[in-house]
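The values are calculated or read from the model by the stated rules, or taken from the named source; none is laboratory data. It should be emphasised that the depicted structure is a prediction, and the values quoted were computed from it without experimental measurement. Please note: Cβ atoms are built from the backbone with ideal geometry, for glycine as well, and neighbour counts cover all protein chains shown.
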Amino acid sequence: MSGTEKILHPFATEMRHLTSALNVIASDMIRDRTLAKKLDDDPDYFRNNYTVTEDELTAMRDRNMTRLYELGLHPFLLVRFAGMMGILEYWQALGAPGRGGGWPRNT
Amino acid sequence: MPLVGAVAAPHSHLQLFTRPAENEKYKEDVQKGRNAMIALRAQVERANADTILVIHDDHFVNFDFRCYPPFALFVGQEAKGSGVTDPDTIEKITGATYRKYEGKESYQSAPSGIPQHMANWEKEKPYVYKVNTDLSVRLLKGLLERDFDIPFTADGTMDGEEVLTTNFLNPKADKKVMLLFTNGYVPPLPWPRRCYKLGQAIREILDEVDDRVLVLATGGMSHYPGTPLYGHVDEAFDKNVLAILASGSGSKLAQFTPDELMQSGNGELVNWVITAGICGDVRCQVLDYIRLWHIGLGYLYWEV
């Protein structure tokens, strides 16, 4: 597919994920079920415990998938994040088979 | 005769889901993949292995952004994980049995409402495998002796994808496992030439032991989860890889660069390259190649 390199550039070449705190938060979220809820209820927890920027924190709280990718959340963690936050629209937008409403939301 | 077999099999959760039900072609393709898995299972049984060395790119369960090594060996006594859907469905499809806990009715790995393999929130895991710990430790020491600075971990958590492949190929958990975790998706990736050499070193060590080891390379092929290319599959790259392996030229996989793997959505090929290094330039039997929604699935075994 032409243009693949350009499309993947932020991830595969720039490797923004190596320096973004978003990835540490999402990694921790995989191990700690309370963090998904804290994201909505206690944003100061993240300000106090991670070197996250306000832009990054806002993108997470807003479930802004495009912005999270741009800011350097690793794409695979982006998928995990969508799952853990119950962002069903993410898969619906992709037209993924079996993701058209069979899963209830957890938020 | 320490190496008794080697197979490569996908770990995509799409193999367990056939929805949307109205799409008959999609359902047929999923079933073709399951059939290929069953054929690979027969190959595993014919090999009469006592241990399966599972080479798998960790999906943020053992590795994370606090520490993400290119490779790591598990050296504990027991490995365990959860499935990507409910155990009864998995048993129906794969035949895999699971541990039932007293007083526990649900074997979900996460609360209802999220895909079951997205998190690692439950400590009790229904799929439990005994580990060939002695050989794992011998492998670790042997690799260090051969100048591979392999990290080790005592956390034997298997992610949903790793469990899925093992569900199909070791459904009764009657074979011990060894777990070699890799980085197949977080650039910068390990170089394929290094992966191949790692495989060669593993083979040297396996050649010294009496255990009957079968190698299982999980993963692949082309897919781009989470990126703007989600849903695209580089089928030409995949078919080239399969042709290389079918012709008995697996060492050619060592010539790829990490960038080529990433651009083709084939980071997980590192697992296959290590296995190619273990097996050397022997022909592979490619059982099938199937394109599902966002991924190309390759099923094969090496004629070792």
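Of the residues making up segment A:2-27, those that are within 7 Å of chain B (Cβ to nearest Cβ) and hydroxyl-bearing (Ser, Thr, Tyr) number 2. In the condition set (1) assigned to a helix (DSSP H, G or I); (2) within 15 Å of the chain's Cα centre (by Cα); (3) among the hydrophobic types (A, V, I, L, M, F, W, C), residue A:73 is compliant with all but (1).
Looking across segment A:10-35, the residues that are under 15 Å from the mean Cα position of the chain (by Cα), outside any loop (DSSP other than H, G, I, E, B) and crowded, with 20+ Cβ neighbours inside 10 Å come down to A:11, A:17, A:22, A:23, A:25, A:26, A:27, A:29, A:30. So if I check each of B:10, B:69, B:87, which one is at pLDDT below 90 and within 20 Å of the chain's Cα centre (by Cα)? Result: B:87 is the single residue among B:10, B:69, B:87 that is at pLDDT below 90 and within 20 Å of the chain's Cα centre (by Cα). Has segment B:86-95 got at least one residue that is in a loop (DSSP other than H, G, I, E, B), over 30 Å from residue B:202 (Cα atoms) and either within 14 Å of another protein chain (Cβ to nearest Cβ) or hydroxyl-bearing (Ser, Thr, Tyr) (or both)? Yes, the conditions are met somewhere in segment B:86-95.
Would you check if there is a residue in segment A:21-37 being farther than 18 Å from residue B:65 by Cα and not hydrophobic (A, V, I, L, M, F, W, C)? So that I can check it myself, show each step before the final result.
Residues of segment A:21-37 that are farther than 18 Å from residue B:65 by Cα, as a first pass: A:34, A:37.
With the extra rule that they be not hydrophobic (A, V, I, L, M, F, W, C), the set shrinks to A:34, A:37.
Scanning segment A:21-37, I find at least one residue that is farther than 18 Å from residue B:65 by Cα and not hydrophobic (A, V, I, L, M, F, W, C), so the answer is yes.
Any residue at all in segment B:175-195 that is touching a residue at least 40 places away in the same chain (Cβ under 8 Å), surrounded by 23 or more Cβ atoms within 10 Å (Cβ to Cβ), over 14 Å from the mean Cα position of the chain (by Cα) and not in a loop (DSSP other than H, G, I, E, B)? Yes, segment B:175-195 has at least one match. Checking the structure you have, find out if any residue of segment A:44-55 is aliphatic (A, V, I, L, M), in contact with a helix residue (DSSP H, G or I) (Cβ under 9 Å, 6 or more places away or on another chain) and in a helix (DSSP H, G or I). Within segment A:44-55, none of the residues are aliphatic (A, V, I, L, M), in contact with a helix residue (DSSP H, G or I) (Cβ under 9 Å, 6 or more places away or on another chain) and in a helix (DSSP H, G or I). What are the pairs with Cβ atoms under 6 angstrom where one residue, in segment A:77-93, is at the interface with chain B (Cβ under 7 Å from one of its Cβ atoms) and the other, located anywhere, is basic (Lys, Arg)? Sequence gap at least six, or different chains. That search, which allows pairs on different chains as well, returns A:86/A:105. Among the residues of segment B:229-247, those that are crowded, with 16+ Cβ neighbours inside 10 Å and outside any helix (DSSP H, G or I) comprise B:229, B:230, B:232, B:233, B:234. Return the total of residues in segment B:251-293 being without any contact (Cβ under 8 Å) to a residue 60 or more places away in the chain, assigned to a helix (DSSP H, G or I) and over 20 Å from residue B:216 (Cα atoms). Qualifying residue count, segment B:251-293: 3.
Among residues of segment B:199-226 being within 26 Å of residue A:23 (Cβ to Cβ) and buried (at least 24 other Cβ atoms within 10 Å of the Cβ), the one that is nearest to the other protein chains (Cβ to nearest Cβ) is B:224. Applying the condition of being surrounded by fewer than 16 Cβ atoms within 10 Å (Cβ to Cβ) and touching a strand residue (DSSP E or B) at 6+ places or on another chain (Cβ under 6 Å) to segment B:129-151 and asking which residue is nearest to the other protein chains (Cβ to nearest Cβ) yields B:151. Would you mind stating whether residue B:135 is closer than 30 Å to residue A:78 by Cβ and either in contact (Cβ under 8 Å) with a residue 40 or more places away in the chain or not in a helix (DSSP H, G or I) (or both)? For residue B:135, the condition - closer than 30 Å to residue A:78 by Cβ and either in contact (Cβ under 8 Å) with a residue 40 or more places away in the chain or not in a helix (DSSP H, G or I) (or both) - is not met.
Restricting B:112, B:106 to those that are away from every other protein chain (no Cβ under 14 Å), surrounded by fewer than 21 Cβ atoms within 10 Å (Cβ to Cβ), over 15 Å from residue B:52 (Cβ atoms) and at pLDDT below 95 reduces the list to B:106.
Taking into account only those residues within segment B:271-287 that are within 10 Å of residue B:250 (Cβ to Cβ) and among the β-branched types (Val, Ile, Thr), which is surrounded by the fewest Cβ atoms within 10 Å (Cβ to Cβ)?
Going residue by residue through segment B:271-287, those that are within 10 Å of residue B:250 (Cβ to Cβ) are B:272-273, B:275-284.
Remaining after also requiring among the β-branched types (Val, Ile, Thr): B:273, B:275, B:278, B:282.
Details: B:273: 31, B:275: 28, B:278: 26, B:282: 14.
Top of the filtered list is B:282.
Taken as a whole, the condition of being under 13 Å from residue B:268 (Cβ atoms) and either more than 14 Å from every other protein chain (Cβ to nearest Cβ) or hydrophobic (A, V, I, L, M, F, W, C) (or both) does not apply to residue B:229.
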